[in-house]
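Every number in this text was worked out from the coordinates using simple rules, so none of it is lab data. Quantities reported herein were computed from a predicted structural model and do not represent experimental measurements. Here the Cβ is made from the backbone with ideal geometry for all residues, glycine too, and neighbour counts use every protein chain on show.
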Amino acid sequence: MRGIITVIGKDKVGILANVSGICAEYGVNVVEVTQSILQDMFCMIMLIDIEKATVSFTEFAEKAKKMGEENSLSVHVMHEDIFNSMHRI
């Protein structure tokens, strides 16, 4: 099972480390990453594999969101199927 993490916030050192760190902490594998800096805003999308996660998908999403809030970032985790459905034309 896969998911998508989106991260948006003011660019600063350590954003990628923080997000990948929480993934590693809960056994979530980062499959693919794309990121960009738009003026002073950091934008990132991660494709993750949650098959071997040590917590439920919902719990991981809540922990990632909380980590984001603590770092002044908008962090959202959603199941890949929902992401794909939302972005179909």
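Taking the criterion of being surrounded by 15 or more Cβ atoms within 10 Å (Cβ to Cβ), more than 13 Å from Arg2 (Cβ to Cβ) and within 11 Å of the chain's Cα centre (by Cα), would at least one residue in region 48-58 satisfy it?
The answer is no, given that none of the residues of region 48-58 is surrounded by 15 or more Cβ atoms within 10 Å (Cβ to Cβ), more than 13 Å from Arg2 (Cβ to Cβ) and within 11 Å of the chain's Cα centre (by Cα).
Take the residues in region 61-78 that are more than 12 Å from Val19 (Cβ to Cβ) and of a type in the set (A, V, I, L, M, F, W, C), then tell me which one is surrounded by the most Cβ atoms within 10 Å (Cβ to Cβ).
Filtering first and then ranking leaves Ala61.
Which residue is farthest from His76 (Cα to Cα), if the candidates are limited to region 37-47 and must be surrounded by 11 or more Cβ atoms within 10 Å (Cβ to Cβ) and among the aliphatic types (A, V, I, L, M)?
Met41
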